[in-house]
């Protein structure tokens, strides 16, 4: 973990977060930092042993660094969602970060749903929230899809979000159980408009 913290510290000190994020190779480094450090948010318990004290210091440093990284990404989160490389970073945030670190970013993303739902990379971010986000975030997206599923099903980008919604039905477990009614309503919208949907190139994928 100390290696990842040191690497992130260097990136932050040199103000290279954005440059790395938008780079073909650099975005993988940011993703790795998020995967390894995304859950460090709580103050570690104090320890009297030397190894324990060292771990405590390291954990505090890691918590401060990952928080700063999230704040820098958050300041430009919509641009990240719309970028080929950066959208992967945002997906990792929802997969691996503690909810406290991404709550503000989640609100901004959901507030820009219309922009993201019509973008090829924004769709990946919204799909990641459907899979890994908090229940209220999933409900927000599903509510916006409801009533628009048939239209989205024949769109190049929107159809991908419909596919992911339908896929959730076949993996209904404790993770998605509270969203069953929303998911089945979306499925009904697609099923009961077969002629319109099946005649479209992207809609055929739902049949």
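Return yes or no: is residue 146 modelled with pLDDT under 95 and either touching a strand residue (DSSP E or B) at 6+ places or on another chain (Cβ under 6 Å) or exposed (fewer than 14 other Cβ atoms within 10 Å of the Cβ) (or both)? Criteria not met by residue 146.
Residues that are more than 15 Å from residue 112 (Cβ to Cβ) and in contact with a helix residue (DSSP H, G or I) (Cβ under 9 Å, 6 or more places away or on another chain) within region 60-83 comprise 61, 62, 63, 65, 66, 67, 68, 69, 70, 71, 72, listed in sequence order. Selection of helices (runs of 4 or more DSSP H) fully inside region 60-149 by the criterion of at least 1 residues being over 25 Å from residue 5 (Cα atoms) returns 77-81, 99-111, 113-116, 122-132, 135-145. Annotation for region 173-184: at least one member residue is closer than 20 Å to residue 136 by Cβ, out of contact with any strand residue (DSSP E or B) (no Cβ under 7 Å at 6 or more places or on another chain), in a helix (DSSP H, G or I) and at pLDDT below 80. Evaluated against (1) within 24 Å of residue 82 (Cβ to Cβ); (2) surrounded by 14 or more Cβ atoms within 10 Å (Cβ to Cβ); (3) free of Cβ contacts under 8 Å to residues at least 24 places away in the same chain, residue 169 falls short on exactly one condition, (1). Selection of region 18-32 for residues being in a helix (DSSP H, G or I) and more than 21 Å from residue 58 (Cα to Cα) yields 18, 19, 20, 21, 26, 27, 28.
The values are calculated or read from the model by the stated rules, or taken from the named source; none is laboratory data. Model, not experiment: these values are computed from the prediction. Cβ: placed from backbone, ideal geometry, glycine included. Neighbour counts: every protein chain shown.
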